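Worksheet: the structure to be examined is printed underneath.
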Amino acid sequence: MPLLWFCVIAFMLALYVILDGFDLGAGVLHIAIARTDDERRQVLGAIGPFWDGNEVWLLAAGGTLYFAFPLLYASSFSGFYLPLMMVLWLLMLRGLGIEMRHHVNHPMWRAFWDGTFALGSTLLAIFLGAALGNVVRGVPLGPDGYFFEPLWTSFTVEPDSGILDWFTVLMGLVSLSTLAAHGGNYVAMKTAGEVQRRARLGVRLWTPCVAVTSVGALIAVSGIRPGIWANFSADPWGFIFPVAGAAGLGGMILFNRLGKDAASFASSSAFIAGMLASTAFGLYPVVLPSSIDERYSLTVASTAAGSYGLGIGIVWWSIGIVIALGYFTYLFVSFRGKVGARPEGY
Amino acid sequence: MEDALLLHRLQFAFTATYHYLFPQLTMGLGLIIVILKWVGLRRRDELYNQAARFWAKIFALNFAVGVVTGIPMEFQFGTNWARFSTYAGGVIGQTLAMEGVFAFFLESSFLGLFLFGERKLGGRLHFVAALMVFLGSWISGFFIIVTNAWMQHPVGYAPGPNGSVTLESFGALLGNPWAIWQYLHNMSGAVVTASFCVASAGSYYLLARRDEAYGRIFLRTGLVAGLVSSVLMAFPTGDAQGKNVAFNQPVTLAAMEGLFQTKEGAPLVLVGQPDMDRKRLDNPLHVPRMLSFLTYYRWGAEVRGLDAFPETLWPTNIPLLYYSYHIMVGLGTIFIAVTAAGVWFLRRRRAYTARPLLWILLLAFPFPFIANTAGWMTAELGRQPWLVYGLLRTPAGTSATVSAGNTLFTLLGFLGLYFVIGVLFLLLVLRTIGDGPARAAHGERD
């Protein structure tokens, strides 16, 4: 049962990164690929009906984590106190950036909120990667299952390193490049003309960064957490995940060259899903490794909620998620196609 | 440690109080927009449709602020109240996760369709989208109330590993008798807030002699919805919720009422100041025997005062609890009087020109926000000194690893950010009202 919930949460988080990832990535590229007010409205129009719903996957994943693994939720949220609060503030500022700009028709007002949106999206993309980096690297968990990390200490990887060290910053850059390319694919798919051309160029420029940082991170992980390969050697079918990820990266390069934006977007989605699934596969059954002593690591079994509640949860979660996927399909079908050059909503 | 506890409590109190200023309007306005769109569809009256579009603009702003200020609420269970989450997550994680899965997806998906898709969907489907957004917000409210109700009156749980609690009965958790009345009481309160806002905007247009056709619709809708919801708030929901407190948290009732001594034929206090040093109420003005009657339907029934309980069980801030409760009840009574008078004027066909009435309604809109806030303060201060009533005391629930300094840092951050958000929100709502209903476009951006 806890394994099932581990998969459920991994699935929800991966879906969150794929969905919110494209609007975060659109934000990273926003200033560069859209210059005029019309162009910026095209980018915002492309994510307008979706970004809020995409963010809900984070909330729903958080709620499900709370429900299925209360100790993990409590330990990681209090331990990552400062970065999480900053993520909250960035999410707010970025949401304001999207929602505020169209209310006042003045170039300065709009420039300010475009900047807020772009900066918030960029920092969030980096933070998401750094968060994943922390989970892979491990945190100073004590015997009581709690810890607290400062933002940074010496930037070296050691038991009492902070949220940011060279490894987690590297992971932040992996995330930034990946989401920028992913967002570029999405914008190219949803727009035409000049914006589409620049979005494709953005993908072409960011994809090599994805490759370089990912390879770097892969080497670094093997050094920092060699145990992550143990599950793969025990169950070689797990190699399907990194292989899918690598295929996704190849697809991004290929389809971008061919100008097939939808296929390129599917490829960047596959890359994200493959990499996250590989990480989850490699960590299991550990959900938060301790950098002090392996024995203090939080595992699926040591953090799971009671079996009665988890059993009930499977029933309503399955129903709820099928309905939610239905809404999303309906939403994406309703707002399918490209946004016009002068988007009057849709 | 004392400092950290106070700061964790202050931060949660501030972010929760601020957050709830928005959802109460969202939930109430969601209902009123559905009503306006329904009337517009039934009577084929474009004026009602346009009125709905106008409120949808304000709804969108309000919803956005509600969402962004709501995200920290879910996070703070883990960040600031980690030991509480470890203790109770196996139970209330259910309802919080269900809110995410059942309410948030519904709201956010249909909000996009509701705000951007009117032309694309056509009248009927657009009405369905509005209905879905309304349902989503009310379902969301339900799961939050069930969560809070469990903290007020824990049911359906069993002891779990390491001194935590685990869920034993899903049915008992969702059917918590405390939750049902608290939910209905809370939702009536949300409709009161929205009704007063709608009536206030209507009064403004009528007094300013502009957009008067809309002003009349707003005033009519606001007054009728306001009267119905104000009455429901007092009876049966407020009455039943009071009995929940009286029977399950008797020491809280004594503190709310300022009843220091146990008494047969206890009075209902209207005005007075609790004096915690002398353990008495100063300058009391009361209705004799009324509290006994309202609680037990017997004039001479004994009501236990604070003296019947050890001080370790007393709520930690009795004067604030007492004032919150009295402000809520006092304002609630005034709402009934004002809306009843308004509806009476409506029936006599004099409401649209009765300037004193319009002025009162114009200026009255902040008070339901105050009453709802005071109501929640009554519930939350009344729950003290417990985080989970009778099971876990508040100081035992904080995040032990998060220091006072870090908490103060984030509290200051929230104060600054929320101030900016509040200024922007007011600016844009006032602009929207200034632009007027006739200019609210077909729900597209720009």
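Readers should treat all values here as calculations from the given coordinates under stated rules, not as data from a laboratory. Just so it is clear, the model here is predicted, and its values are computed rather than measured. Note that we place each Cβ from the backbone using ideal geometry, even for glycine, and neighbour counts take in every protein chain shown.
What helices does chain A have that are whole DSSP H segments, at least 15 Å long along their own axis by Cα, and with mean Kyte-Doolittle hydropathy of 0.0 or more?
Working: long enough: A:2-33 (44 Å, 1.94); A:37-47 (16 Å, -0.83); A:51-68 (26 Å, 0.46); A:81-100 (28 Å, 1.51); A:107-137 (44 Å, 0.90); A:166-190 (36 Å, 0.91); A:193-224 (45 Å, 0.72); A:240-258 (26 Å, 1.38); A:261-283 (33 Å, 1.13); A:307-334 (39 Å, 1.54).
In chain A, the long hydrophobic H runs are A:2-33, A:51-68, A:81-100, A:107-137, A:166-190, A:193-224, A:240-258, A:261-283, A:307-334.
Among the lysines, which fall within straight-line cross-link reach of B:LYS279, defined as a Cα-Cα distance under 17 Å, with same-chain neighbours fewer than 8 residues apart omitted?
B:LYS263
Tell me the relative contact order for the stretch A:175-281 as a rounded percent, counting alpha carbon contacts under 8 Å between residues six or more apart.
With pairs under 8 Å counted, the relative contact order is 30 percent.
To test your reading of the geometry: what angle, between 0 and 90 degrees and rounded to tens, separates the Cα axis of helix B:23-43 from the longest principal axis of chain B?
Helix B:23-43 sits at roughly 30 degrees to that axis.
Give the lysines whose C-alpha is closer than 27 Å to that of A:LYS260, dropping any in the same chain fewer than 8 places away, or say none.
Hits, sequence-local ones excluded: A:LYS190, A:LYS338.
Pull up all non-local amide H partners of B:ARG280: gap of 5 or more, or a different chain, and H-to-H distance under 5 Å with H placed in the peptide plane.
B:ASP275
Let me have the 222 nm mean residue ellipticity of chain B computed from DSSP H runs of 4+ only, each contributing -39500 (n - 2.57), with the sum over all residues rounded to the nearest 500.
-24000 deg cm²/dmol
Students often forget the sequence filter, so: which aspartates and glutamates lie under 13 Å Cα-Cα from B:LYS120 once same-chain residues fewer than 8 apart are removed?
Hits, sequence-local ones excluded: A:GLU344, B:GLU444.
Which one of A:TRP109, A:ALA192, A:VAL300 has its Cα pushed farthest toward the positive end of the charge dipole of the stretch A:2-334, where Lys and Arg give +1 and Asp and Glu give -1 at the Cβ?
The residue sitting farthest along the positive end of the dipole is A:ALA192.
Could you give the distance between the Cα centres of the stretch B:342-391 and the stretch A:77-146, to the whole Å?
36 Å
Can you grab the distance from the C-alpha centre of the stretch B:176-191 to the C-alpha centre of the stretch B:116-165, Å, no decimals?
13 Å
So what are the ³J(HN,Hα) numbers for the stretch B:327-338, from phi and the Karplus equation (6.51, -1.76, 1.60; θ = phi - 60°), rounded to whole Hz, Gly and Pro as x?
Along the stretch B:327-338, the couplings run 5, 4, 5, x, 5, x, 5, 5, 4, 4, 4, 5 Hz.
Convert each backbone phi in the stretch B:380-385 into a coupling constant with the Karplus relation 6.51 cos²θ - 1.76 cosθ + 1.60 (shift: θ = phi - 60°), then list the ³J(HN,Hα) values in order as whole Hz, x for Gly and Pro.
Computed from phi, the couplings for the stretch B:380-385 are 7, 5, x, 6, 4, x Hz.
Spin-label point model (7 Å from Cα, Cβ direction): what's the B:ARG349 to B:ALA438 distance in nm?
2.5 nm
Could you check the simple spin-label distance between B:LEU320 and B:LEU10, using points 7 Å along Cα→Cβ, in nm with one decimal?
Taking the two extended label points, one gets 1.1 nm.
Spin-label point model (7 Å from Cα, Cβ direction): what's the B:ASP282 to A:ARG336 distance in nm?
Using points 7 Å along Cα→Cβ, the separation is 7.2 nm.
Evaluate the relative contact order of the stretch B:184-371 (contact order divided by residue number), counting alpha-carbon pairs under 8 angstrom at least 6 apart; express in whole percent.
Result for the stretch B:184-371 is 27 percent.
Using +1 at the C-beta of Lys and Arg and -1 at the C-beta of Asp and Glu, which of B:MET233, B:THR262, B:THR193 has the Cα lying farthest in the positive direction of the dipole of the stretch B:158-266?
Checking the options against the dipole of the stretch B:158-266, the answer is B:THR193.
Could you size up the charge dipole of chain B around its Cα centre, putting +1 on the beta carbon of Lys and Arg and -1 on that of Asp and Glu, and report it in debye to the nearest 20?
Around 1760 debye, computed over chain B.
If you take every residue apart from B:ALA301 with its C-beta less than 13 Å away from the C-beta of B:ALA301, what net charge results, scoring Lys and Arg +1 and Asp and Glu -1? Let's see the in-between values first.
Numbers: positive: B:LYS243, B:LYS263, B:ARG289, B:ARG298, B:ARG304; negative: B:GLU264, B:GLU302.
Result for the local shell: +3.
Over the stretch A:2-334, what is the mean sequence separation of C-alpha contacts under 8 Å (at least six apart), divided by residue count, expressed as relative contact order in percent?
22 percent
Charges at C-beta only: +1 for Lys and Arg, -1 for Asp and Glu. How large is the resulting dipole of the protein assembly as shown about its Cα centre, in Debye rounded to 20?
2860 debye
Using only Cα atoms, tell me the angle between helix B:212-232 and the longest principal axis of chain B; keep it within 0 to 90° and round to the nearest 10.
Taking the Cα atoms of chain B, the angle to B:212-232 is about 20 degrees.
For B:ALA266, which sequence-distant residues (separation of 5 or more, or a different chain) have an amide H within less than 5 Å of its own amide H, given hydrogens modelled in the peptide plane?
Sorted by chain and number, the residues that satisfy this are B:SER292, B:VAL303.
With +1 assigned to the C-beta of every Lys and Arg and -1 to the C-beta of every Asp and Glu, and no other charges, what is the dipole magnitude of the stretch A:29-150 about the Cα centre in debye, to the nearest 20?
Charge dipole, the stretch A:29-150, about its Cα centre: 180 debye, nearest 20.
On C-alpha positions alone, give me the angle between the axis of helix B:355-364 and the longest principal axis of chain B, in degrees, nearest 10.
Helix B:355-364 sits roughly 50 degrees off the main axis of chain B.
Taking H as built 1.01 Å from N, whose amide H comes closer than 5 Å to the amide H of A:GLY162, not counting residues under 5 places away?
A:THR153, A:SER154, A:PHE155
Apply 1/(1 + (r/R0)^6) to the Cβ-Cβ distance of A:LEU258 and A:ALA192, taking R0 = 22 Å, and write down the FRET efficiency to the nearest 0.05.
0.80
Using alpha carbons only, how many angstrom separate the centre of the stretch B:24-46 from the centre of the stretch B:403-422?
If you average the Cα positions of each part, the centres end up 37 Å apart.
Read phi for every residue in the stretch B:186-196 and hand back ³J(HN,Hα) as whole Hz from Karplus 6.51 cos²θ - 1.76 cosθ + 1.60, θ = phi - 60°, with x for Gly and Pro.
5, 5, 4, x, 5, 5, 4, 4, 5, 4, 5
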